[in-house]
Amino acid sequence: MWLKYAALSALCLTIPCNAFAQNKESTSYLSLSVENDSLGGGTDRYYTSGIRATWFDTDIKVPPVIDVLADKIPTFDFNDKTATFYTIGHNIYSPEDISIVSQPANDRPWAAFLYGSVGLANITENGDKPFHVDELEFTLGIIGPEALGEQAQKFVHKYVSNSPKPRGWRNQLNFEPGFMVSWQRRIPYAVSHDFDYFNARIEPNFSVTLGNIRTNASAGATLILGSSKHQDTPQRVRPAIPGTGVFFTEKNKLNWQVFAGIDARIVARDIFLDGNTFSDSHSVNKKYLVGDISGGISLTYDDYRVSYTLNGRSKEFDGQDEESVFGSITLTKRF
């Protein structure tokens, strides 16, 4: 049982195991992230919607098939601080003008991605502080009409947002199963300092994703200020750099966190721009270097947390008129 508590404290960024003894049973986190361009730029184009629900638990045994796959990944080693997380998600992509029935020749394809994933989060320590946090995620999903992008977007536009009816879904990418394996490393305390009333740190990150949906590599850094350093950044929808969403703050006390980050991504493949892998479909000439800049705030009270992130993404393909701007809201419950 002590290893379980030690694992949780490590994943919450070097929390002393005895500092929050009253929270020993709090080892599970349920996060729901909703990303939408209406939450940021107030538009309906490009990457227009993403939903990701994640169950993060330090007390779930690693599935045998994932154990075997993880053994094949260099630099990733299991230890007593390895946790498991499960995710289901749905993304929607559309051209700039969703009212046009035909597919614009120089605009991105209509597409949706419905997926599920299982992942591992692992701490490798250096003395009494974590040297790095590794995350490994295996994703299976589908694109095409079976991903239900048309139904989801039309429902939201009709009953929730009162937005124009999307008319071009007949042009969406064809059915295709998708697979990705993603590895991410973050160094939480590369630079860190405790001030009188808050902690400040800079967290570099590196990631690689391989698969027929996306193949890319990225690097970046995040500046984090918080009333307690025992909280990670919120979950996000990939390819943004997500945190675990874990927090180990005192109950019945308000805690805050603000953060800002930059990320540069080299893109070898993006099915939502390159089109289908095994069949003919619409495609555009993608840009091989894409940058993200983001900033946000999290508020935690008791076992609940709400986070908002505003993200700006550079142009992803030739002919794209403007950069993408979208917001993300993440709600987390600790159990």
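The values are calculated or read from the model by the stated rules, or taken from the named source; none is laboratory data. Bear in mind that the values here come from a model prediction, so they are computed numbers and not experimental data. Neighbour counts are summed over all protein chains in view; Cβ atoms, including those assigned to glycine, are modelled from backbone coordinates with ideal geometry.
In segment 326-335, what residues are surrounded by fewer than 20 Cβ atoms within 10 Å (Cβ to Cβ) and touching a helix residue (DSSP H, G or I) at 6+ places or on another chain (Cβ under 7 Å)?
If the condition is that a residue be surrounded by fewer than 20 Cβ atoms within 10 Å (Cβ to Cβ) and touching a helix residue (DSSP H, G or I) at 6+ places or on another chain (Cβ under 7 Å), then 327, 329 are the ones that fit.
If only one of 88, 73 is at pLDDT 85 or above and hydrophobic (A, V, I, L, M, F, W, C), which one is it?
Answer to the check: 88.
May I ask you to list pairs of residues, at least six apart or on different chains, whose Cβ atoms are under 6 Å apart, with the first in segment 45-60 being surrounded by fewer than 23 Cβ atoms within 10 Å (Cβ to Cβ) and the second being in a loop (DSSP other than H, G, I, E, B) and modelled with pLDDT under 85?
Partner pairs satisfying both residue conditions: 59/27.
Before we move on, is residue 13 at pLDDT below 75 and surrounded by 22 or more Cβ atoms within 10 Å (Cβ to Cβ)?
Details: at pLDDT below 75: yes; surrounded by 22 or more Cβ atoms within 10 Å (Cβ to Cβ): yes.
Yes; evaluated as a whole, the condition is true for this residue.
Which of the following residues is without any contact (Cβ under 8 Å) to a residue 12 or more places away in the chain and either closer than 30 Å to residue 101 by Cα or crowded, with 20+ Cβ neighbours inside 10 Å (or both): 175, 155? It would help to see each step written out before you state the result.
On the way: 175 fails: without any contact (Cβ under 8 Å) to a residue 12 or more places away in the chain.
When all the criteria are applied, what remains is 155.
Go over the candidates 270, 280, 302 one by one and state the one that is among the acidic types (Asp, Glu), closer than 21 Å to residue 179 by Cα and more than 21 Å from the chain's Cα centre (by Cα).
Just one listed residue meets the conditions, 280.
For segment 160-182, check the following and say yes or no: at least one residue is of a type in the set (D, E, K, R) and either part of a strand (DSSP E or B) or closer than 30 Å to residue 219 by Cα (or both).
yes
In contact with a Pro (Cβ under 6 Å, 6 or more places away or on another chain) and surrounded by fewer than 20 Cβ atoms within 10 Å (Cβ to Cβ): does that describe residue 202?
no
Among the listed residues 140, 148, 173, identify the single one that is at pLDDT 95 or above and at positive phi.
Every option except 148 fails the conditions.
Taking residue 319, is it out of contact with any strand residue (DSSP E or B) (no Cβ under 8 Å at 6 or more places or on another chain) and surrounded by fewer than 15 Cβ atoms within 10 Å (Cβ to Cβ)?
So residue 319 passes the test.
Keeping to segment 257-281, report how many residues are under 17 Å from residue 144 (Cα atoms) and either in contact with a Gly (Cβ under 6 Å, 6 or more places away or on another chain) or surrounded by fewer than 19 Cβ atoms within 10 Å (Cβ to Cβ) (or both).
Residues meeting the conditions: 5.
Please indicate, with yes or no, whether at least one residue in segment 25-37 is touching a helix residue (DSSP H, G or I) at 6+ places or on another chain (Cβ under 8 Å), surrounded by 14 or more Cβ atoms within 10 Å (Cβ to Cβ) and at pLDDT 70 or above.
Within segment 25-37 (the criterion being touching a helix residue (DSSP H, G or I) at 6+ places or on another chain (Cβ under 8 Å), surrounded by 14 or more Cβ atoms within 10 Å (Cβ to Cβ) and at pLDDT 70 or above), the answer is yes, since at least one residue qualifies.
Provide a single number: the residues in segment 186-231 that are in a strand (DSSP E or B), farther than 25 Å from residue 310 by Cβ and over 18 Å from the mean Cα position of the chain (by Cα).
The total comes to 2.
Of a type in the set (Lys, Arg), in a strand (DSSP E or B) and either under 25 Å from the mean Cα position of the chain (by Cα) or closer than 18 Å to residue 82 by Cβ (or both): does that describe residue 108?
no
For the subset of segment 287-316 comprising residues that are among the hydrophobic types (A, V, I, L, M, F, W, C) and farther than 22 Å from residue 225 by Cβ, which member is surrounded by the fewest Cβ atoms within 10 Å (Cβ to Cβ)?
Among those residues, the one meeting the criterion is 289.
Which ranges mark the strands (runs of 3 or more DSSP E) fully within segment 251-335 that have 3 or more residues being hydroxyl-bearing (Ser, Thr, Tyr) and either under 26 Å from residue 87 (Cβ atoms) or touching a residue at least 60 places away in the same chain (Cβ under 8 Å) (or both)?
The strands (runs of 3 or more DSSP E) meeting that bar are 289-301, 304-313, 324-334.
Inside segment 294-327, can you point out the residues that are of a type in the set (D, E, K, R) and on the phi > 0 side of the Ramachandran plot?
302, the sole residue that qualifies.
Being over 30 Å from residue 107 (Cβ atoms), touching a residue at least 40 places away in the same chain (Cβ under 8 Å) and out of contact with any helix residue (DSSP H, G or I) (no Cβ under 8 Å at 6 or more places or on another chain) is true for just one of 170, 236, 201, 185. Which residue is that?
185
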